[in-house]
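Participant: Shown below is the structure under consideration.
The values are calculated or read from the model by the stated rules, or taken from the named source; none is laboratory data. Treat the numbers as computed from the prediction; the structure is a model and nothing was measured. When we count neighbours, we look across all protein chains shown, and the Cβ atoms used for this are built from the backbone with ideal geometry, even at glycine.
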Amino acid sequence: MAGQSYEQRKTGTESAPEASKELKRKKRMKLVVYAAAFAIFQTIVILVFSLTVMRIKNPKFWLTSVTVEDLTAAPTPVSFNMKLSAQVAVKNTNFGHFKFDNTTIWFDYGGVGVGEAFVARGRSKARSTKKMNVTVELNSNNIPNNSSLENDIKAGFVALTCHSKLSGKVQLMKLIKKKKSAEMSCAMLLNMETRVVQDINCQ
């Protein structure tokens, strides 16, 4: 009986370190699993951050509306003079603000320049659209006599186009600055009878 009791005590004494080792091994495995899960989570966060916040795109720049303030036109001799009030928009989809420089919007008829509008430098906030009003005076002084302007005025519709480029920098977290630009290319139709600019189409 004494021998059996001794063997039981010996077995219990030997199994205690084994149980302790097994417990430590399980703890180490848990730590490894937690560390791997945390590393994967960090990788996903960095990837999402890189694809969204850190991905800097070109802003968008377009003409939203045009109102005729004054208009005089004559088919013979062919000519026109007009004053327009236009609203332009700068859409910044980035997570940092877009600071842009002065620029000019050029208006054309049949590829010939007929006027220009000045856009003052400014800033479009992060993920927002900045709208600005500009004034432009157009005239037909540079249009050659052999153009189709006379027929257009008689028909009551004059097609105009405008184009511009807005250059600046997108700034993220006051640390990253990247040069970006936005180009405007719009077409519109001026109704001479109603004095309304219609069918504005920008790309």
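Participant: Among the listed residues Val197, Val170, Val158, identify the single one that is assigned to a strand (DSSP E or B) and more than 30 Å from Pro77 (Cβ to Cβ). Explain how you work it out, then say what you get.
Facilitator: Details: Val197 fails: more than 30 Å from Pro77 (Cβ to Cβ); Val158 fails: more than 30 Å from Pro77 (Cβ to Cβ).
One residue alone meets the criteria, Val170.
Participant: Can you run down the residue pairs with Cβ atoms below 6 Å, 6 or more apart or on separate chains, where the first is in region 181-203 and on the phi > 0 side of the Ramachandran plot and the partner is surrounded by 14 or more Cβ atoms within 10 Å (Cβ to Cβ) and part of a strand (DSSP E or B)?
Facilitator: Final answer for the pair search is Arg195/Val68; Arg195/Leu71; Asp199/Leu189.
Participant: Now for a different question. Of all the strands (runs of 3 or more DSSP E) wholly in region 46-142, which have at least 1 residues that are more than 30 Å from Val158 (Cβ to Cβ) and either touching a Cys at 6+ places or on another chain (Cβ under 7 Å) or not basic (Lys, Arg) (or both)?
Facilitator: Once the strands (runs of 3 or more DSSP E) in region 46-142 are filtered for at least 1 residues that are more than 30 Å from Val158 (Cβ to Cβ) and either touching a Cys at 6+ places or on another chain (Cβ under 7 Å) or not basic (Lys, Arg) (or both), what remains is 78-92, 97-100, 122-124, 128-139.
Participant: Those residues that are crowded, with 18+ Cβ neighbours inside 10 Å and farther than 22 Å from Lys179 by Cβ, I need them from region 74-91; list them, please.
Facilitator: Result: Val78, Phe80, Met82, Leu84, Ala86.
Participant: Just wondering, is there one or more residues in region 185-192 that are more than 18 Å from the chain's Cα centre (by Cα) and not in a strand (DSSP E or B)? Reasoning before the result, please.
Facilitator: We begin by selecting, within region 185-192, every residue more than 18 Å from the chain's Cα centre (by Cα); these are 187-192.
Those still in the list that are not in a strand (DSSP E or B) too: 192.
Yes; the residues of region 185-192 include at least one that is more than 18 Å from the chain's Cα centre (by Cα) and not in a strand (DSSP E or B).
Participant: What tally of residues in region 92-143 results from selecting those that are of a type in the set (Ser, Thr, Tyr) and either buried (at least 19 other Cβ atoms within 10 Å of the Cβ) or in contact with a His (Cβ under 6 Å, 6 or more places away or on another chain) (or both)? First the steps, then the outcome.
Facilitator: Keep residues of region 92-143 that are of a type in the set (Ser, Thr, Tyr), which gives 93, 103-104, 109, 124, 128-129, 135, 140.
If we keep only those that are either buried (at least 19 other Cβ atoms within 10 Å of the Cβ) or in contact with a His (Cβ under 6 Å, 6 or more places away or on another chain) (or both) as well, we get 103, 109, 124, 140.
Of the residues in region 92-143, 4 are of a type in the set (Ser, Thr, Tyr) and either buried (at least 19 other Cβ atoms within 10 Å of the Cβ) or in contact with a His (Cβ under 6 Å, 6 or more places away or on another chain) (or both).
Participant: Still on this structure: Counting only residues that are of a type in the set (Gly, Ala, Ser), touching a strand residue (DSSP E or B) at 6+ places or on another chain (Cβ under 7 Å) and closer than 25 Å to Glu150 by Cα, how many does region 91-116 have?
Facilitator: Total satisfying the criteria: 2.
Participant: Any residue at all in region 151-161 that is under 29 Å from the mean Cα position of the chain (by Cα), in the same structural domain as Val66 (by TED's automatic domain parsing) and not small (Gly, Ala, Ser)? So that I can check it myself, show each step before the final result.
Facilitator: Filtering region 151-161 for residues under 29 Å from the mean Cα position of the chain (by Cα) gives 159-161.
From the residues that got through so far, the ones that are in the same structural domain as Val66 (by TED's automatic domain parsing) too are 159-161.
From what's left, not small (Gly, Ala, Ser): 160-161.
Yes, some residue in region 151-161 is under 29 Å from the mean Cα position of the chain (by Cα), in the same structural domain as Val66 (by TED's automatic domain parsing) and not small (Gly, Ala, Ser).
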